[in-house]
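In what follows, a single structure is set out as structure tokens and then discussed.
The values are calculated or read from the model by the stated rules, or taken from the named source; none is laboratory data. Nothing here was measured: the structure is a model prediction, and the numbers come from that model. So basically every Cβ, Gly included, is an ideal-geometry build from the backbone, and we count neighbours across all protein chains shown.
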Amino acid sequence: MFKLLKIVLQRLGLGVLVLFIISVIIAGAVELLPGDLCQELQGQSATKETVAACRKELGLDKPVYHRYFVWLGNMLKGDFGVSLANGRQISELIGDRTANTFFLAIYAAIISVPLAVALGILAALHRNSIYDRVVNIVTLSSISFPEFFVAYILIIFFSVNLGWFPSLSNITPDTPLTEKMYKAFLPALTLTLVVVAHMMRMTRASIINLLASPYIEMANLKGMTRRHIITKHALPNAWAPIVNVIVINLAYLIVGVVVVEVVFVYPGLGQLIVDSVAKRDIPVVQACCVIFAATYIILNLTADILSIITNPRLLHPR
Amino acid sequence: MRKLEDLQRQLSEGRITRREFLSRAAALGVTAAVPALILQEEAMAAAPKKGGQYLQGLTGGATSDVLDPAQTLDSYMINVSFGQLRNNLTEISPSGELAPELAESWEATPDAATWRFKLRKGVEFHNGKTLDANDVVASFNHHRGEETKSAAKGIVGPVTDVKAEGSDIVVFTLDGGNADFPFLVSDYHLVICPANSDGTIDWQSGVGTGGYVLEDFDPGINTKVKRNPNYWKEGRAFFDSVQNLFIADAGARTNALRTGDIHSMANLDLKTVHLLKRQEGIHVFSTNGNKHVTMPMLTDVAPFDNNDVRLALKYAVNRQEILDKIVKGLGEVGNDSPVGPANIYRATPEELPQREFDPEKAKSHLKKAGMSDLKVDFHVADSAFEGAVDAAQLFAESAKAAGISINVVREPNDGYWSNVWLKKPWVASYWGGRPTEDWVFSQIYSKGADWNESHWDNTRFNELLVQARGELDSNKRRDMYVEMQRLVNEDGGSIIPVFMAYTHAATKDVGLPEQMANNWELDGHKNAERWWFA
């Protein structure tokens with residue numbers, strides 16, 4: 001166990017370093033975009049004087065490294081700063097949206113992960129059967145369509161024609177949980193359709209891969225049923241690759257849902273980050289990116305730890 | 001009578017509005033024969049009544065939106081701040097005339113340089129404070145001075161002094177005559193907010209004198225308001241509450257309307273508008289206003305510094321084709337003048353004949369300019385207006401007939417207004433409603449104006465602009481404005497191919513007034529107080 005703790009601490013240390021590098025890259029990248037917040041904010045109605053007044057007020061006339069270090073200093077104190085565009089506290093601005101994004105991701109994960117793993121195990125069990133083919137075709141088709149297309153198809157069937165679910169997922173922090181689940185069902189279903197194939201195929205492939213190993217043959221020879229072989233012998237050893245794929249998809253559910261948010265008008269982080277990049281609102285972009293990057297790092301760490309726990313060889317490396 | 005039956009069918013299917021029906025029936029000379037039955041259903045809807053929760057899907061919102069009227073830039077905040085929470089001194093009525101709002105009356109000195117506005121008595125803000133002249137002074141000062149970053153700085157620029165006389169008179173002193181000043185104060189930035197004791201205004205709370213009181217403001221997502229029980233305006237603000245949802249995607253807006261999640265939307269997806277019209281229970285309607293497409297050429301950059309080149313291009317565009325294909329006929333053709341249907345002094349077709357697509361004339365102007373052919377770059381992006389890139393392609397095709405080859409340069413949407421517009425010699429752009437001739441001319445066509453997108457400088461035009469501004473006699477003003485429209489049409493640097501209508505759709509349970517304002521979309525952005533549930 002002590003070794004595990006050491007690995008976790010090492011990874012966390014590296015994670016902080018990665019976060020720092022990412023923040024430098026983001027600051028630089030946003031700086032490279034043409035135009036600045038004051039021009040973007042006023043758009044066609046900008047004049048030289050109003051832009052200059054706006055820049056001075058927001059401190060945008062100072063050099064980029066100066067602004068970056070001020071931001072970094074505040075960040076280390078746990079202060080996300082204020083949005084340049086509307087002067088609101090960023091923590092307040094992103095608080096509800098972060099919660100919404102995580103809610104949708106968890107919702108979609110609760111549907112998709114068990115579904116994908118179960119479909120994958122069954123597909124491995126009945127390899128090359130009609131069932132296997134159908135599951136493969138359906139999941140691969142749904143991943144092949146662009147998200148907005150899947151979303152619009154679901155809207156046409158479930159909200160326009162049948163009227164079962166709303167096409168707008170306008171949830172607020174005080175929406176009760178059941179209503180939230182009802183309103184966010186279509187976006188969650190869209191995301192499920194998009195991620196299920198990847199996880200399902202990986203589950204199927206890694207189990208099938210193991211079925212050729214000598215110890216499975218041994219189990220076969222001693223007369224175990226196929227179901228027992230897969231759940232007791234194959235699956236525990238197949239967890240490592242499956243967990244990794246699941247985690248990558250979970251991260252995608254959090255950071256890659258902009259399109260789904262736009263189609264369902266779901267108030268999540270994706271819309272905010274797109275808005276903020278378009279407006280060159282650097283502190284907000286930075287804050288969102290740090291959250292996204294931290295999500296990736298923590299999820300990857302979790303995946304590693306889970307793989308290590310399920311595989312004694314990794315737990316005691318020589 | 002065959003035609004009348006046809007019209008009746010169109011009306012019952014909702015393909016034409018009642019107003020269109022009546023005017024077309026009148027054109028057939030058969031108004032008297034119109035059975036009262038057909039119109040009964042709509043007539044019942046015509047009596048406004050109170051109640052209901054109105055949900056609308058708006059565009060032009062952002063997480064960066066603020067309640068500050070100085071930073072109101074796009075339609076979402078215009079509708080909320082100007083259309084729901086607050087009032088101006090004057091307003092544009094549904095018929096396009098200037099009407100009193102918080103000001104009861106106004107008068108000018110003969111030189112039109114000093115204006116006295118008398119305020120309505122007994123108007124209360126949402127917080128119970130009574131409106132007085134200090135609030136008006138503070139609200140205008142908010143847009144003035146060196147430090148301001150107000151988008152309305154240009155509008156109040158000529159105001160040299162604002163002061164209160166007693167509690168209900170406000171006196172504005174201008175640096176020159178301006179007969180349109182009462183029109184200018186109806187601008188959506190110049191709403192009246194309560195004054196703080198230090199002469200600033202309290203915009204943060206969203207308190208105003210408008211028909212609705214702010215309940216919840218979540219920028220870029222949703223704004224909730226409820227009816228102001230003490231609203232001073234008679235027969236306005238019928239909904240119990242209004243929810244303003246920001247829905248950026250046109251597809252999402254349309255779906256929300258079809259499923260009844262919202263009651264109305266603006267800015268229809270023009271590519272699918274013909275399908276939406278067929279939907280049962282949905283009413284599609286448009287108003288022709290002053291929103292127009294411009295294609296400004298920098299008149300101080302070769303080859304556009306030669307007016308014959310500009311004229312050649314003006315004759316080389318097929319306006320009807322752009323109207324039909326890009327805006328699906330929802331609008332009207334432009335005549336290279338920004339003065340549109342919502343203006344008072346718009347030149348009649350006799351005063352200023354419509355410029356048609358004429359490749360031969362274009363060729364002859366090229367010849368006059370000493371050229372046999374012309375190659376130009378046209379910088380566009382769809383940020384300029386929906387379908388700008390396609391419109392440019394159509395232009396390039398039609399111009400071939402005149403021996404002009406237009407190279408369409410597709411620019412990124414992101415940063416279009418800061419990097420392309422006003423920078424490249426020939427671009428696409430658009431302008432929303434400016435209710436007066438002087439406004440549009442002085443902001444976009446006068447020498448040295450920040451937004452003079454064609455760098456146009458015409459001495460006679462600039463002279464007339466100042467003269468007409470200070471002229472209180474409307475006949476004389478009309479003559480001057482017609483001459484100015486002719487100058488812009490013949491010498492100006494902007495090609496104005498079409499006026500785009502404001503497009504809307506609403507569910508059939510929304511009661512709509514007979515006449516709607518055309519200064520902005522959504523009944524001049526006053527839909528929340530002018531519409532009702534039938």
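The table below lists the values:
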read-out: Residues located in region B:69-96, provided they are hydroxyl-bearing (S, T, Y) and modelled with pLDDT of 90 or more; value: B:Y76, B:S81, B:T90
read-out: Qualifying residue in region B:384-392 (condition: away from chain A (no Cβ under 14 Å) and modelled with pLDDT under 90); value: yes
read-out: Pick from region A:264-283, criterion in a helix (DSSP H, G or I) and more than 27 Å from B:D261 (Cβ to Cβ), ranking: nearest to the other protein chains (Cβ to nearest Cβ); value: A:K279
read-out: One residue from B:S494, B:S446 being free of Cβ contacts under 8 Å to residues at least 24 places away in the same chain and among the hydroxyl-bearing types (S, T, Y); value: B:S446
read-out: Condition met for A:L122 (part of a helix (DSSP H, G or I), free of Cβ contacts under 8 Å to residues at least 40 places away in the same chain and either in contact with a Leu (Cβ under 6 Å, 6 or more places away or on another chain) or not assigned by TED's automatic domain parsing to the domain that holds A:H233 (or both)); value: no
read-out: Test for B:D180: is it away from every other protein chain (no Cβ under 14 Å), under 23 Å from B:A112 (Cα atoms) and of a type in the set (D, E, K, R); value: yes
read-out: A:Y215 being more than 14 Å from chain B (Cβ to nearest Cβ), under 30 Å from A:L32 (Cβ atoms) and without any contact (Cβ under 8 Å) to a residue 60 or more places away in the chain; value: no
read-out: Qualifying residue in region B:438-452 (condition: closer than 20 Å to B:L352 by Cα and among the β-branched types (V, I, T)); value: yes
read-out: Residue satisfying all of: in region B:311-341; closer than 18 Å to B:N288 by Cα and basic (K, R); surrounded by the fewest Cβ atoms within 10 Å (Cβ to Cβ) among these; value: B:K325
read-out: Odd one out for B:S405, checked against (1) farther than 30 Å from B:L98 by Cα; (2) in a strand (DSSP E or B); (3) touching a residue at least 60 places away in the same chain (Cβ under 8 Å); value: (3)
read-out: Failed item, numbered, when A:S167 is tested on (1) within 10 Å of another protein chain (Cβ to nearest Cβ); (2) assigned to a helix (DSSP H, G or I); value: (2)
read-out: Test: A:M202 is more than 14 Å from chain B (Cβ to nearest Cβ), assigned to a helix (DSSP H, G or I) and closer than 23 Å to B:L245 by Cα; value: no
read-out: Region B:132-152: number of residues that are more than 14 Å from chain A (Cβ to nearest Cβ) and either among the charged types (D, E, K, R) or farther than 15 Å from B:T200 by Cα (or both); value: 2
read-out: Scope region B:280-332; condition at positive phi and in contact with a helix residue (DSSP H, G or I) (Cβ under 8 Å, 6 or more places away or on another chain); matching residues; value: B:K328, B:G329, B:G331
read-out: Among residues of region B:245-278, those that are farther than 18 Å from A:V160 by Cα, within 11 Å of another protein chain (Cβ to nearest Cβ) and at pLDDT 85 or above, counted; value: 2
read-out: Residues located in region B:78-102, provided they are under 27 Å from B:G177 (Cβ atoms) and either basic (K, R) or without any contact (Cβ under 8 Å) to a residue 60 or more places away in the chain (or both); value: B:E97, B:A99, B:P100
read-out: Of all residues in region B:123-166 being in a helix (DSSP H, G or I) and β-branched (V, I, T), the one that is surrounded by the most Cβ atoms within 10 Å (Cβ to Cβ); value: B:V136
read-out: Scope region B:178-197; condition polar (S, T, N, Q) and touching a residue at least 60 places away in the same chain (Cβ under 8 Å); matching residues; value: B:N178, B:S186
read-out: Subset of region B:65-77 that is in contact (Cβ under 8 Å) with a residue 24 or more places away in the chain and within 12 Å of chain A (Cβ to nearest Cβ) - its residue that is nearest to the chain's Cα centre (by Cα); value: B:L73
read-out: Filter result (under 17 Å from A:A105 (Cβ atoms) and buried (at least 24 other Cβ atoms within 10 Å of the Cβ)) within region A:232-245; value: none
read-out: In region B:77-114, the residues that are in contact with a Pro (Cβ under 9 Å, 6 or more places away or on another chain) and hydroxyl-bearing (S, T, Y); value: B:S81, B:T90
read-out: Complete set of residues in region A:60-90 that are within 14 Å of chain B (Cβ to nearest Cβ) and in a helix (DSSP H, G or I); value: A:I90
read-out: Members of region B:471-495 found to be within 18 Å of B:F461 (Cα to Cα) and part of a loop (DSSP other than H, G, I, E, B), listed by number; value: B:E471, B:G492, B:G493
read-out: Positions within region B:174-221 being in a strand (DSSP E or B) and either among the basic types (K, R) or crowded, with 20+ Cβ neighbours inside 10 Å (or both), in sequence order; value: B:L174, B:A195, B:I201, B:Y212, B:V213, B:L214
read-out: Within region A:128-142, tally of residues that are within 16 Å of A:T192 (Cβ to Cβ), among the aliphatic types (A, V, I, L, M) and surrounded by fewer than 17 Cβ atoms within 10 Å (Cβ to Cβ); value: 2
read-out: Residues of region B:409-456 classified as polar (S, T, N, Q), away from chain A (no Cβ under 11 Å) and part of a helix (DSSP H, G or I), total; value: 1
read-out: Cross-chain or 6+ apart pairs with Cβ under 6 Å, region B:198-212 first and closer than 15 Å to B:T130 by Cα, then β-branched (V, I, T) and surrounded by 15 or more Cβ atoms within 10 Å (Cβ to Cβ); value: B:T209/B:V123
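This table checks each residue for (1) touching a residue at least 24 places away in the same chain (Cβ under 8 Å); (2) more than 30 Å from B:L275 (Cα to Cα).
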site	(1), (2)
B:G220	yes, no
B:K226	no, yes
B:F238	yes, yes
B:S241	yes, yes
B:R253	yes, no
B:A256	yes, no
B:T259	no, no
